[in-house]
Amino acid sequence: MSSRTEAVKIAPNDAFNIQTVLWVKHWNEHLFSFAVDRPASLRFRSGEFVMIGLPTDARPLLRAYSIASPSYSDEIEFLSIAVQDGPLTSRLRHIIPGDEIYLARKTTGTLVADALTPGKRLFLLATGTGLAPFLSVMRDPDIYERYEQVVIVHSVRHVSDLAFRDVLESRLAGDPLVEDEAAAKFRYIPIVTREPFPRQKRITTLMEDGGLFDGVDGEKALDPATDRVMMCGSMDMIRDCSAILERLGFEEGSNAKPADFVIEKAFVG
Ligand SMILES: Cc1cc2nc3c(=O)[nH]c(=O)nc-3n(C[C@H](O)[C@H](O)[C@H](O)COP(=O)(O)OP(=O)(O)OC[C@H]3O[C@@H](n4cnc5c(N)ncnc54)[C@H](O)[C@@H]3O)c2cc1C
């Protein structure tokens, strides 16, 4: 994807850490993963996001990114869209190992276990790169102590957008910290909306017709008494799924007031 062989270095900046790209993996022409080394001082909770960026002639060009690695990881991993003509990602898509990027010193976010009250089943609903914070949450051993089941629902347009499909289908086999717990408690429900695929319906339809519970133990309906939900991705998905949850009696939570479901709107459309 990149013809460069020489890494780009950035001048120091007081407001940001400058981190080195360790690896890059392109899933298709508009989706890629990459990781940078972790600054010793960076603390975060699994599911949080951080500002990252590249230099410009004026000030750094920054965007919010969910951290895809869990809180204990030595690497800070991201899952990124490549928007054609997108100010940041039209450049970021060309990064190579050894390049440097800006990484803010502070993280934040609501897709964290602490923003939910205790429950039995945790549903993680994602469209597109909305998978990123849940890659962090699902690889954190703490989540398997809190929940009897952890269900990731990932809806994308094309089959090639199903990043991490093999890892998720294997229920995180080989993960050094959560492999045993995930083998028993983790469920993966992929959806592809614009190509032939076993599951092609929208998440909202699956919520209502029971498809969301394929292979999941317990009731074939969401219940605020036992279920908790995190959502990340497009505005449309979050708006429509939130409306269904609220009709079922779920309350939206936050760091200040934990409740039954939490959301993060990562992109429009
Ligand atoms: C809290 C938060 C967390 C985010 N986490 C991620 C993440 O983990 N990975 C990621 O790729 N992006 C994430 N984003 C979006 C990210 O901040 C940028 O918008 C994205 O990287 C594109 O940047 P850009 O400068 O190239 O284009 P922008 O000018 O930012 O966006 C251009 C257009 O692309 C659309 N777009 C932007 N991001 C996406 C996306 N991820 N998927 C589909 N369409 C998109 C926008 O709706 C807009 O119309 C997050 C945003 C927020 C607010």
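Derivation of every value follows stated rules applied to the coordinates shown; laboratory data play no part. Since the structure is predicted, the reported quantities are computational estimates derived from the model, not experimental observations. Positions of Cβ are generated from backbone atoms using ideal geometry, with glycine treated the same way; all protein chains shown enter the neighbour counts.
So that you can scan it fast, the table gives a plain yes or no per residue for (1) within 16 Å of the ligand (Cβ to nearest atom); (2) of a type in the set (A, V, I, L, M):
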site	(1), (2)
Met207	no, yes
Lys220	no, no
Met235	yes, yes
Asp240	no, no
Ile244	no, yes
Phe250	no, no
Ala256	no, yes
Val268	yes, yes
> For region 146-181, how many residues are out of contact with any helix residue (DSSP H, G or I) (no Cβ under 8 Å at 6 or more places or on another chain) and acidic (Asp, Glu)?
Replying inline: 4
>> If I filter region 54-82 down to residues being aliphatic (A, V, I, L, M) and either touching a residue at least 60 places away in the same chain (Cβ under 8 Å) or touching an Asp or Glu at 6+ places or on another chain (Cβ under 8 Å) (or both), which single residue comes out as surrounded by the fewest Cβ atoms within 10 Å (Cβ to Cβ)?
In response: Ala64
> So which of Phe78, Phe123 is within 12 Å of the ligand (Cβ to nearest atom), within 30 Å of Phe250 (Cβ to Cβ) and of a type in the set (Phe, Trp, Tyr)?
Replying inline: Phe78
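Conditions tested, residue by residue: (1) part of a loop (DSSP other than H, G, I, E, B); (2) in contact (Cβ under 8 Å) with a residue 12 or more places away in the chain; (3) more than 16 Å from the ligand (Cβ to nearest atom).
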{"position": "Asp85", "(1), (2), (3)": "yes, no, no"}
{"position": "Arg91", "(1), (2), (3)": "no, yes, no"}
{"position": "Pro97", "(1), (2), (3)": "yes, yes, yes"}
{"position": "Ile101", "(1), (2), (3)": "no, yes, no"}
{"position": "Pro133", "(1), (2), (3)": "no, yes, no"}
{"position": "Ile143", "(1), (2), (3)": "no, yes, yes"}
> Looking at (1) within 11 Å of the ligand (Cβ to nearest atom); (2) more than 23 Å from His30 (Cα to Cα); (3) not in a loop (DSSP other than H, G, I, E, B), can you tell me which one Thr110 breaks?
Replying inline: (3)
>> Can you pull out every residue in region 36-53 that is part of a strand (DSSP E or B), within 13 Å of the ligand (Cβ to nearest atom) and either crowded, with 21+ Cβ neighbours inside 10 Å or without any contact (Cβ under 8 Å) to a residue 40 or more places away in the chain (or both)?
In response: Phe49, Val50, Ile52, Gly53
>> Taking the condition of being among the polar types (S, T, N, Q) and more than 18 Å from Ile244 (Cβ to Cβ), how many residues in region 194-216 meet it?
In response: 1
>> Can you say whether Asp85 is more than 20 Å from Ala163 (Cα to Cα), crowded, with 19+ Cβ neighbours inside 10 Å and out of contact with any Pro (no Cβ under 9 Å at 6 or more places or on another chain), as far as the supplied structure shows?
In response: no
